[in-house]
Amino acid sequence: MTGLTLIKGIGAVRMQGLVAYFGDLESAWRADAFQLGEAGLGAKVVERVLAARESVDLNQVWAKIEAQGIKILTWADEEYPSRLREIEQPPPVLYVRGEYLQDDLFAVAIVGTRKVTPYGRQLTEEIASFLAANGITVVSGLARGVDAIAHQTALKAGGRTIGILGSGVDKIYPPEHRALAEQMMERGAIISDYAVGTPPDASNFPPRNRIISGLSLAVVVIKAAETSGALITAEFAAEQGREVFAVPGSIFAPQSKGTNRLIQKGALLLLTPDDLMQALDITRIGEHKSARKVLPADETEALVLSVLSREPLHVDEIRNQANLPIEKVSATLALMELKGMVRQVGSMNYVSLREDQAEYKVN
């Protein structure tokens with residue numbers, strides 16, 4: 001898969017098409033021009049694949065990745081963020097420097113203008129500090145302005161923060177944020193779906209915004225002009241079923257025209273951090289995190305766990321094997337997912353995440 005991510009023009013949709021046609025990406029990487037064309041790739045992309053296969057030494061690429069401490073997560077990996085897996089076009093590959101934790105499922109994105117005002121800075125600091133203090137991971141794009149302030153404030157408050165790049169994770173942009181990125185790797189991560197070595201490019205940033213919103217429970221837009229990239233993140237969030245909050249501003253300020261427009265279109269009005277607390281039920285997040293570490297609480301959980309394995313099993317089959325009412329199975333699976341015992345991998349299929357799974361098998 002690493003080789004294909006190096007090729008311009010192959011993203012989530014084409015990756016999915018290649019998997020559907022070939023069965024796996026290794027076969028796609030080795031395919032000839034005719035097969036690649038039959039799989040749906042255009043002539044130019046096919047040429048790039050063939051050229052990359054001749055010129056790229058994947059062993060050298062992998063050695064470079066390992067030397068920089070970069071972790072690769074694919075669709076098939078258990079560590080792949082489950083919330084991101086839910087979106088329409090999840091990135092097939094994520095490059096991670098630092099560490100993505102299960103607790104980072106409880107995340108809120110803060111985005112906004114690069115030309116931040118004192119008012120915008122104060123709001124960003126207040127909201128990011130509040131989130132960090134309540135155990136919420138702050139997600140943003142490591143850009144100048146609101147993004148950087150959100151990351152910095154989360155770190156100062158002792159929280160976790162994740163930055164999503166529009167370049168390879170070895171190409172920090174803007175360059176003056178390298179020190180900030182290093183700090184984020186200690187208490188969070190920087191993540192990209194662009195291959196190592198990819199330079200920042202204007203066309204890279206709008207698509208990466210779907211990852212910012214996809215990793216988050218909600219997106220908070222602090223300040224945004226009418227053409228701001230933050231509005232693209234808000235659009236992705238709405239499409240992904242995430243809550244969108246916007247901070248109102250002066251009708252005369254260019255940096256507030258975008259946020260005011262969002263509110264006009266139905267975004268939730270954010271006046272104080274308490275608005276976030278009420279809408280997202282933040283007070284229960286500590287309980288949810290604790291619940292993730294609990295063993296099966298009763299016989300029902302143990303029974304459901306006993307029929308699960310690392311192979312996906314549909315909820316109807318779980319119901320049949322456990323011989324329980326469907327509503328009981330659904331409620332139990334929901335709680336077990338919060339505990340980190342199981343995970344839904346799409347289309348109501350579940351897998352077990354427990355290392356000691358054998359203890360719960362029924363003879």
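Of all the criteria given as (1) more than 27 Å from the chain's Cα centre (by Cα); (2) more than 13 Å from L6 (Cα to Cα), the one not satisfied by S55 is (2). Consider segment 241-268 and keep the residues that are within 16 Å of T113 (Cβ to Cβ) and basic (K, R). The one that is surrounded by the most Cβ atoms within 10 Å (Cβ to Cβ) is K257.
Of the residues making up segment 136-160, those that are outside any loop (DSSP other than H, G, I, E, B) and surrounded by 24 or more Cβ atoms within 10 Å (Cβ to Cβ) are T137, V138, V139, S140, V146, D147, A150, H151, A154.
Go through segment 47-61 and give me each residue that's of a type in the set (G, A, S) and under 15 Å from I10 (Cβ atoms). Listed by number, the residues that qualify are A51, A52.
Would you call A218 touching a helix residue (DSSP H, G or I) at 6+ places or on another chain (Cβ under 9 Å) and either closer than 21 Å to T74 by Cβ or surrounded by fewer than 24 Cβ atoms within 10 Å (Cβ to Cβ) (or both)? Answer is yes for this residue. A residue that is crowded, with 17+ Cβ neighbours inside 10 Å and of a type in the set (D, E) occurs nowhere in segment 180-188. Scanning segment 315-339 for residues that are surrounded by 18 or more Cβ atoms within 10 Å (Cβ to Cβ) and of a type in the set (G, A, S) yields a total of 1. For segment 94-135, the tally of residues that are over 25 Å from I172 (Cα atoms), of a type in the set (S, T, N, Q) and in a loop (DSSP other than H, G, I, E, B) stands at 1.
Of the residues making up segment 161-170, those that are closer than 26 Å to L231 by Cβ and not in a strand (DSSP E or B) are L165, G166, S167, G168, V169.
Every number in this text was worked out from the coordinates using simple rules, so none of it is lab data. Given the structure is predicted, the values throughout are model-derived calculations rather than measurements. Cβ coordinates were reconstructed from backbone atoms using ideal geometry, including for glycine residues, and neighbour counts include every protein chain displayed.
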